[in-house]
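Quick notes on the structure that follows.
Read the figures in this text as sums done on the coordinates, not as results from a lab. Keep in mind that this is a model prediction, so the values were computed, not measured. Note that each Cβ is placed from the backbone with ideal geometry, even for glycine, and that neighbours are counted across all protein chains shown.
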């Protein structure tokens, strides 16, 4: 699972939103993509130590595999996910 931590007031988050959706269309069902509004779900964002947005975190079986911060184009999101996925 890849979670995009974002907020509605964040310009880079709004810019990346369509890219995250497009990446999800290419990666699902292999990888589940989710968005989490850090304002609406502040306790969850705090639990993951989110300090800047947008931040994407890849989880597997509840454990963090990787994270990256900053707005990314669709191709970079897909590449990051595919390079981070465990093989096998």
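Would you compute, from DSSP H runs of 4+ residues alone, the mean residue ellipticity of the chain at 222 nm, taking -39500 (n - 2.57) per run and dividing by the full residue count, rounded to the nearest 500?
Details: 3 runs with 34 residues, N = 88.
Taking each H run of at least 4 residues, the total per residue is -12000 deg cm²/dmol.
Starting from the 7 Å offset along Cα-to-Cβ, what nm value, one decimal, do you get for the label separation of residue 30 and residue 47?
Placing both labels 7 Å beyond Cα along the Cβ direction yields 2.9 nm.
Out of the DSSP beta bridges found with both residues in the chain, what percent are antiparallel (nearest 5)?
Working: 10 of 15 bridges.
For the chain, the DSSP antiparallel bridge percentage is about 65.
Note the listed values [x] 43, 27, 25; [y] 64, 30, 26; [z] 36, 26, 18, then indicate which one is Cα extents along the principal axes in Å calculated from this particular structure.
Comparing each candidate, only [z] matches the computed number.
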